[in-house]
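Notes for the one structure printed next.
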Amino acid sequence: MMNPNRGGFTRIQDGGSMTLKRDENDKEYIYKLPVHGYPQNCLNVEIDGNVVRLRGERQCKEENQQSGTTRKWASSFDYSFSLPDDAKPADISSNLDPKSNVLSVRVGREAKKPETEVKAISIPIQRSPKPAPGDSK
């Protein structure tokens with residue numbers, strides 16, 4: 001799941017329960033956030049250095065003609081997180097799936113460097129000669 005050494009999260013949220021999930025493969029990191037009830041024009045994705053910020057704000061108004069009442073409410077969310085060291089902030093894209101209402105943010109990764117082979121070698125350890133009697137060392 002979330003490895004604090006690879007990217008930390010902060011969340012400020014007004015009501016409800018939203019969980020940001022991260023998947024990864026060799027080529028990219030994929031962040032997914034369900035944003036039910038937030039139209040695309042109310043969502044914002046920003047990047048500043050290696051920090052990504054996801055925000056949403058909506059306002060709703062319902063009028064009941066029979067009772068003559070009006071109900072208004074607003075909600076918002078604000079997530080920010082640091083990208084892992086091997087992320088490429090210049091290679092970022094976002095997409096809102098209209099069926100599932102999930103906001104996806106994709107960030108490219110640097111190519112993995114080939115691991116260097118570690119060779120084990122045997123080094124003989126020689127004993128130190130015993131000091132002669134009367135030697136002060």
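Brief remarks on what is shown
- Count of the stretch 40-53 residues which are over 18 Å from residue 20 (Cα atoms) and outside any helix (DSSP H, G or I): 2
- Evaluation of residue 38 against (1) under 13 Å from residue 107 (Cβ atoms); (2) more than 15 Å from the chain's Cα centre (by Cα) (one fails), failing number: (1)
- Yes/no for residue 74 being at negative phi, surrounded by 16 or more Cβ atoms within 10 Å (Cβ to Cβ) and in contact (Cβ under 8 Å) with a residue 12 or more places away in the chain: no
- Only one entry in 108, 56 is open to solvent by less than 60 Å² (accessible area, probe 1.4 Å), part of a strand (DSSP E or B), more than 16 Å from residue 22 (Cα to Cα) and in contact (Cβ under 8 Å) with a residue 12 or more places away in the chain, namely 56.
- Cross-chain or 6+ apart pairs with Cβ under 7 Å, the stretch 32-43 first and over 7 Å from residue 102 (Cβ atoms) and without any contact (Cβ under 8 Å) to a residue 60 or more places away in the chain, then surrounded by 12 or more Cβ atoms within 10 Å (Cβ to Cβ) and of a type in the set (D, E, K, R): 42/57; 42/58
- Condition check for residue 88 on (1) in contact with a Gly (Cβ under 6 Å, 6 or more places away or on another chain); (2) part of a loop (DSSP other than H, G, I, E, B): one failure, at (2).
- Just one of the numbered conditions (1) within 18 Å of residue 101 (Cα to Cα); (2) assigned to a strand (DSSP E or B); (3) not small (Gly, Ala, Ser) is not true of residue 29: (1).
The values are calculated or read from the model by the stated rules, or taken from the named source; none is laboratory data. In this text the structure is predicted, and so the values were computed from the model without any measurement. In this analysis, Cβ positions are derived from the backbone assuming ideal geometry, glycine residues included, and neighbour counts consider all displayed protein chains. Heavy atoms of the whole protein, side chains included, go into the accessibility calculation; ligands, DNA and RNA do not. Shrake-Rupley method; radii C 1.70, N 1.55, O 1.52, S 1.80 Å.
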